[in-house]
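The values are calculated or read from the model by the stated rules, or taken from the named source; none is laboratory data. Just so we're clear, the structure is a prediction, and the values are computed from it rather than from any experiment. Here Cβ is always computed from backbone atoms with ideal geometry, including for glycine, and neighbour counts include all displayed protein chains. The accessibility values were calculated without ligands, DNA or RNA, using every heavy atom of the protein model including side chains. Shrake-Rupley method; radii C 1.70, N 1.55, O 1.52, S 1.80 Å.
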Amino acid sequence: SKARVMEKGEESPITFKDVAGLEEAKEEIYELVNFLKAPDKYQRLGAKIPKGILLLGPPGTGKTLLAKAVAGEAGVPFFSLSGSEFIEMFVGVGAARVRDLFKKAKAKAPSIIFIDEIDTIGRARGGTSFFHESDERDSTLNQLLAELDGFGTNTGVIVLAATNRGDILDPALLRPGRFDRHIQLELPNLTERKAIFEVHMKPLKLGADVDSDLLAAQTPGFSGADIANICNEAALLAAHKEQEEINRDDFFNAIDRVVGGMEKRSKIIT
Ligand code: ATP
């Protein structure tokens, strides 16, 4: 989410220490960091690195965060776009944007391209409402496929894409040489929630009664994004009450608020 178009290729300040839990995903993706740091080493040996990796998982599980952490760890520029930006574009504009983005990323290689909500442009063809929208999507998708096919691993560009709807993706995107490597992220378990709380509590001024074990136990089914939200809400509540520190009760109230938001969200969906 929240990925704006970053066409200049931003430097990512995020590293793996900002990503709590997700140990398997981090381990799997570390190979890319090594490659991006020294592509020549791999190219000399003829080693093939995947060019497209699909990050799958529910909303707020850290897909964007992980992609930025790869860029931050490797110290390479991060180019991104979000599928939803293309929905209202005229035919051809989306395709031109994709072409432009790949061109810029190649010029700055080694680099990362991150495509958030790839399902918006990459959902299986046919069965849509608007002919205009679907034309545009097809032309954007075709351009993306052409770009993926048109560069080898020796260009030093790696494309990461994220979706929470892997089931509806056009199979063309998943063919060998395209997004043929998948990393599944899950909602955090108890230990992971504790770790996520601790990452987001680090910059906060906490009272002595705040207990990350307890908070983790109180938040089954919450995503990393929900937990980040709770920490910030708790800080806002404490600030509003002119407190010197953030207390346990502020966190409890923040949980209630975030739960309220989650309930509203699910009413909209269903
Ligand atoms: P969406 O599917 O909604 O796009 P996403 O999977 O891309 O979500 P992110 O945007 O990466 O999720 O997560 C949102 C925020 O939640 C992050 O910026 C971070 O603050 C927090 N967060 C999520 N997962 C983690 C994690 N594993 N460790 C620490 N913070 C996390």
Handout entry: Student exercise, segment 157-270 dipole from Lys, Arg, Asp, Glu Cβ charges, in Debye to nearest 20
Key = 600 debye
Exercise for the section: Work out the length of the dipole vector of the chain about its Cα centre, built from +1 on the beta-carbon of each Lys and Arg and -1 on the beta-carbon of each Asp and Glu, and round it to the nearest 20 debye. Expected result: 1020 debye
Practice task
Collect residues whose amide H, placed 1.01 Å from N in the peptide plane, falls under 5 Å from the amide H of Ile246; neighbours closer than 5 in sequence don't count.
Solution key: Lys205, Leu206, Gly207
Completion exercise
Net charge near Ile246 (other residues with Cβ under 13 Å of its Cβ; Lys, Arg +1; Asp, Glu -1) is -4
Practice task
Please work out the average accessible area per residue across the chain, using the 1.4 Å probe convention, and give it in Å².
Solution key: 51 Å²
Completion exercise
Rounded to whole angstrom, the alpha-carbon centroid of segment 10-34 lies from that of segment 194-251 at a distance of 24 Å
Exercise for the section: With a bin width of 10 angstrom, please list the P(r) values of segment 1-86 as percents of all Cα-Cα pairs, from the 0 bin to the one holding the largest distance. Expected result: 16, 48, 31, 6
Practice task
Please work out the Cα convex hull volume for segment 161-200 and give it in Å³ per residue.
Solution key: 91 Å³
Fill in the blank from the handout: Of the convex hull enclosing the alpha-carbon atoms of segment 47-115, the direction-averaged projected area in nm² is 5.8 nm²
Problem - Percentage relative contact order, the chain, counting C-alpha pairs under 8 Å, at least six apart - result: 24 percent
Practice task
Compare the Cα positions of Ala225, Gly122, Ile168 along the charge dipole of the chain (+1 at Cβ of Lys, Arg; -1 at Cβ of Asp, Glu; about the Cα centre) and return the one farthest towards the positive end.
Solution key: Gly122
Practice task
Tell me, rounded to the nearest percent, the portion of alpha carbon pairs in the chain spaced more than 26 Å apart.
Solution key: 47 percent
Exercise for the section: Compute the signed sum of charges (Lys and Arg +1, Asp and Glu -1) over the other residues within less than 14 Å, Cβ to Cβ, of Pro110. Expected result: +2
Problem - Semi-axes of the equivalent ellipsoid for segment 101-255, Cα gyration tensor, largest first, Å - result: 42, 18, 15
Handout entry: Values of log10 I(q)/I(0), in the order q = 0.20, 0.25, 0.33, 0.36 Å⁻¹, for segment 5-44 under a Debye, Cα-only, solvent-free model
Key = -0.82, -0.95, -1.03, -1.09
Completion exercise
Out of Leu148, Leu187, Leu45, a Gaussian network model of the chain with alpha-carbon springs under 10 Å gives the largest mean-square fluctuation to Leu45
Exercise for the section: For segment 164-270, list log₁₀ I(q)/I(0) at each q in 0.15, 0.21 Å⁻¹, using the Debye formula over Cα point scatterers of equal strength and ignoring solvent, two decimals each. Expected result: -0.70, -1.05
Problem - Gaussian network model of the chain, springs between alpha carbon atoms under 10 Å - residue of Lys41, Lys68, Lys26 with greatest fluctuation - result: Lys41
Fill in the blank from the handout: Which of Lys37/Lys202; Lys37/Lys264; Lys17/Lys51; Lys41/Lys202; Lys106/Lys205; Lys106/Lys264 exceed 32 Å between C-alpha atoms? The answer is Lys37/Lys264; Lys41/Lys202; Lys106/Lys205; Lys106/Lys264
